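Quick notes on the structure that follows.
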Amino acid sequence: MKFLIRGGKIVLSNGIIIADLLVVDEKIAAMGKDLAASFPVDRTIDATGKFIFPGLIDAHVHLPWESDGVSSGDDFSSGTKAAICGGVTTIIDFAVPVAGESITVAVERRIDEAEGACYTDFSLHAAVTYFDASLPEEIARVVERGITSFKLYMLYPGLRLDSGEIYQIMHWVKEAGGLIGVHAENGDIIHTRRALFLNQGHKEPFYHYLSSPAVVEADAVNQILFLNEHVGGRLYFVHVSAGESLALIARAKDRGQTVYAETCPHYLALTAAEYNRPDGHLFLVSPSLKSADDRDALWNGVMNGSVDFISTDHCPFSREQKEVHKDDFTAVPNGMPGVETRLPILLTEGYWHRRVPLERIVALTSYTPARVFGLFPQKGTLQPGSDADLVILDLEKEWTLRHEDLHMNVDWSPYEEWRCRGLPELVMRRGEIMYEDGEWIADSAHGQFITRKIN
């Protein structure tokens, strides 16, 4: 089909322009003034006065994730439907090997699970959770398959790698041209502090924060940055939650390291004070929520560029799943919903409350992740030849966020009853209108696996 989107305010990472957009089949075909006279179309969409974002990219979702035998609520179908309703047109999930499985087999298994189920387009990060002589070849094969990023864990039994293994894998990924992503927390400190608190009889949710304070993340970030200074690879830190971590990453950038910082809306909008609520167990997430000073430092990073992109770490568990062990913070599954609420939270808390420019929000949620993860210019921008992934926003729309009005498969929201301002009015993925005026339009899941190139 051919669409003409007329008169919108097109928000790019480097400015806002008022122009028409011509969409032909799956691509942006033209951008300019008064295109209606030159191009007959099937439908004209009047976007006068509305803002148009490139389709958002969520580079960190778990659809689903299993924690101690408990599976999170959203699968590829429900999770990507909710993502579309939040303006997200591309997700990057994880291929995590099960016991005895190679990363190449895990990648193919995960692609098979997602194909035919995703409403968004999708890619994967490959989690490296074991160490053996086959890894250099495995990593190279995964890169050839179009997956260029590799996740390493510094904690969690069955996922955690030791420092020597991490150092060597960083070398192998560099040789393959890939990008390392690290969940950076010092698992030894967490384990020791947890044991201490449990021996004292402290199992309340706030002790999750006390077990994993900012130093736990900062220490791990510092260690990985030191290793990377010697390796010289490309690196990013997932879900950065502490101001000290961000400062360490900023200094490494100044010294010439190629390193990026990802944070999440819950670290920008919430603090560890949530753990003192009667339902504080719902907010258990790793890394833990941090102090108000950490939150403010992250917002400063959003403004000054030291935060490179914002993802959600979407991993929703129901109230029932969270409440089974609510009196023992070590047994509650960690994770929160967020794939649908990232954009309204950033518009409300960022643009309206803190005057974060719209161009910066586009950079954080679309342009930069597209460039970092090898999706640009197919994704992450609106220009001729790019995929027709876009969001038409009603920036003035005021509404109350309630979980029952959302599409995520979970019965609560960390932002329950928050007053928000700004909401997607229309979402298009590769030239197909998926969501419009509060109504789901798409009839089937046609999301595609996107092969990524080495940036």
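Here, each number is a calculation from the coordinates, and none is a lab measurement. Just so you know, these numbers come straight off a predicted model, no measurement behind them. Here Cβ is always computed from backbone atoms with ideal geometry, including for glycine, and neighbour counts include all displayed protein chains.
Compared with the dominant principal axis of the Cα atoms in the chain, helix 187-199 is inclined by about 60°. Assign one of three labels to the stretch 1-88, namely rounded, prolate or oblate, based on the Cα gyration tensor with a ≥ b ≥ c the square roots of its eigenvalues; rounded applies when a/c is under 1.5, prolate when it is not and a/b is larger than b/c, and oblate otherwise. Since a/c reaches 1.5 and a/b is larger than b/c, the shape of the stretch 1-88 is classed as prolate. Seen against the Cα atoms of the chain and their longest principal axis, helix 135-144 is set at about 10 degrees. With R₀ set to 35 Å, the beta-carbon distance separating Val98 from Phe39 gives a calculated FRET efficiency near 0.10.
Over the chain, Cα pairs under 8 Å with separation of 6+ residues give a relative contact order of 22 percent.
Across the stretch 182-249, Cα-Cα pairs more than 21 Å apart make up 31 percent of the total. In plain terms, the chain from Trp352 to Leu196 could stretch by 51.9 nm, reckoned as 0.36 nm per residue minus the Cα-Cα distance.
Could you work out how far the C-alpha centroid of the stretch 367-391 sits from that of the stretch 398-439, in angstrom? First find each Cα centre; the distance between them is then 22 Å. Relative to the longest principal axis of the Cα atoms of the chain, the long axis of helix 292-304 lies at roughly 40 degrees.
The alpha carbon centroids of the stretch 47-94 and the stretch 229-298 are separated by 21 Å.
For the chain, what is the calculated [θ] at 222 nm in deg cm²/dmol (nearest 500), taking -39500 (n - 2.57) for each run of four or more DSSP H residues and dividing by its residue count?
Working: 14 runs with 132 residues, N = 455.
Roughly -8500 deg cm²/dmol at 222 nm, from the helical runs in the chain.
Site pair Glu137 and Asp254 shows an inter-label distance of 4.6 nm when each label is modelled 7 Å from Cα along Cα→Cβ.
Which length gain, in nm to one decimal place, applies between Asp68 and Ile18 when the Cα-Cα distance is subtracted from 0.36 nm times their residue separation?
In short, 12.9 nm is gained.
For Rg and Dmax of the Cα atoms in Å, the candidate list reads (1) 21.3, 75; (2) 23.6, 85; (3) 22.3, 73; the entry that matches the value derived from this model is (1). If you average the alpha carbon positions of the stretch 181-201 and of the stretch 344-359, how far apart do those two centres end up, in angstrom? Here the answer is 34 Å between Cα centres. Ordered by the number of other Cβ atoms lying within 10 Å of each residue's own Cβ, fewest first, His446, His314, His403 fall into the sequence His446, His403, His314.
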